[in-house]
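Values in this text are rule-based calculations from the coordinates and carry no lab data. Every value quoted in this text rests on a predicted model; they were computed, and no experiment measured them. No Cβ is skipped: glycine too gets one built from the backbone with ideal geometry, and neighbour counts run over all protein chains shown.
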Amino acid sequence: MIKDVDKRIARAMAGVRKAFRCVIGTVNTAPNISLTQSAGLAGEKVQDNEIFQHYGFSSNPPAGSTGIFLPLGGKTSQGVIIATEHGSYRIKNLKSGEVAIYTDEGDSIILKRNHLIEVTTQTFKINATTNVEMNTPLLQVNGGDIKADTVSLKHHKNKGVTTGVGVSDEPQA
């Protein structure tokens, strides 16, 4: 009798799809929840399924990324992708507790050990409508110039100053 029950359970479970790995093709990030065209590792097409992401984080995984596909209710048509990864771009050799955000172009923000945040990019832009405030005993800039409006700290000249004596006039723009 137990064998018959086991057979019935096995038959019923055979119709329920289990989670599987997929390969991301294209992603549409225009809707409220991103939709993807993907393929199961056995080549099965998985179309217009949602990619669920954590609140406050949004990404468009590049084609070729792998994902975990979870068929809700065991149905592929009701499935969602719950995690994605692309090993070619992932930041490697993080220490325990470190966190990284990265792109396929090499840009990254790494929250490192010992209270260090490391940012790697070509252009760093801040858009603040009211104020930018830095509270620090030392602000160090290496390898470049600092400009306030059009006045260069490195290249501005002061008039009316004798070298080594007195106070200069305000820089002229």
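Applying both filters, DSSP loop and at most 15 other Cβ atoms within 10 Å, to the trypsin sites (Lys or Arg not before Pro) of the stretch 54-130 gives K75, R90, K92, K95, R113, K125.
Secondary-structure-derived ellipticity at 222 nm for the chain, considering helices only, amounts to -2500 deg cm²/dmol, per-run term -39500 (n - 2.57) for DSSP H runs with n ≥ 4.
Return the FRET efficiency for the residue pair T136, E98: r is the Cβ-Cβ distance, R0 is 22 Å, and the value is rounded to the nearest 0.05. Computed FRET efficiency for T136 and E98: 0.45. Using only the C-alpha atoms, the convex hull of the chain corresponds to 230 Å³ per residue.
Taking 0.36 nm per residue of sequence separation and removing the Cα-Cα distance, the V23/E118 pair yields an extension gain of 31.1 nm. Evaluating 6.51 cos²θ - 1.76 cosθ + 1.60 at θ = phi - 60° for every residue in the stretch 36-45, the Karplus couplings come out as 10, 9, 9, 9, x, 5, 8, x, 5, 7 Hz, glycine and proline recorded as x.
For the stretch 24-132, chymotrypsin sites (Phe, Trp or Tyr not before Pro) are listed when DSSP marks them as loop and at most 13 other Cβ atoms sit within 10 Å of their Cβ; the list is F52, Y55, F57, F124. Report the Cα centroid-to-centroid distance between the stretch 94-123 and the stretch 1-15 in angstrom, as an integer. So the separation of the two Cα centres works out to 50 Å. The region of the chain that goes longest without hitting one of the GluC sites (Glu not before Pro) in a DSSP loop, each with at most 11 other Cβ atoms within 10 Å, is 1-104.
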